[in-house]
Amino acid sequence: MPMPKTKAPSGAMCDLLIAEYQARLERYRQLAGHQSQLQNWALVFSGALWGWVLSHSPSEVLVAASWIPFIANIFFFTKTRVLKRIAENIYCRLDQIVCDVGYDDPDYVEKWVAEDWRTWSKWFWRTVLLLTGVMAIGYTVLFCWPT
């Protein structure tokens, strides 16, 4: 729903809004970058730990360790969700500033970042959590199941 047109602020108020916009946009970009770092850490951590687990003979310690990537990825996912909520609040304020300054195009805010949060992140975390969970269950069943 388009925002109602309001009288554009002038002078110092407009400069203040533009400065706020730039600061919030920079924070928004940092959050998007941090989300990407969390995804990289999830892959590296899971791969390294699974490599270590699979390179040793099965034992009870390794069965317990096989659950660590899944649990760690739950924490990474939770942090990503928190960052997403913060980014959504920043995005709403950016959109409001654009309307307050009087731009005709409310799409001026970088929506590609918002789309990235919704699509790529959702499928990435579903896949990572599913794979690490299935691998942990499979490893546990394979090496702890009574014969």
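Every number in this text was worked out from the coordinates using simple rules, so none of it is lab data. Because the structure is predicted, anything quoted here is derived from the model rather than measured. All Cβ positions, even for glycine, are placed from backbone atoms using ideal geometry, and neighbour counts span all protein chains on display.
For segment 37-86, which chymotrypsin sites (Phe, Trp or Tyr not before Pro) are both in a DSSP coil and crowded by at most 14 other Cβ atoms within 10 Å?
Counting only loop positions with at most 14 other Cβ atoms within 10 Å, none of the chymotrypsin sites (Phe, Trp or Tyr not before Pro) in segment 37-86 qualifies.
Would you work out if segment 12-144 is rounded, prolate or oblate? Take a ≥ b ≥ c from the square roots of the eigenvalues of the alpha-carbon gyration tensor; rounded if a/c is under 1.5, else prolate when a/b is larger than b/c, oblate otherwise.
It comes out prolate by the Cα gyration axes.
Gain in length, GLU26 to LEU131, computed as 0.36 nm per residue apart minus the alpha-carbon separation, to one decimal in nm?
Contour length minus Cα-Cα distance gives 34.4 nm.
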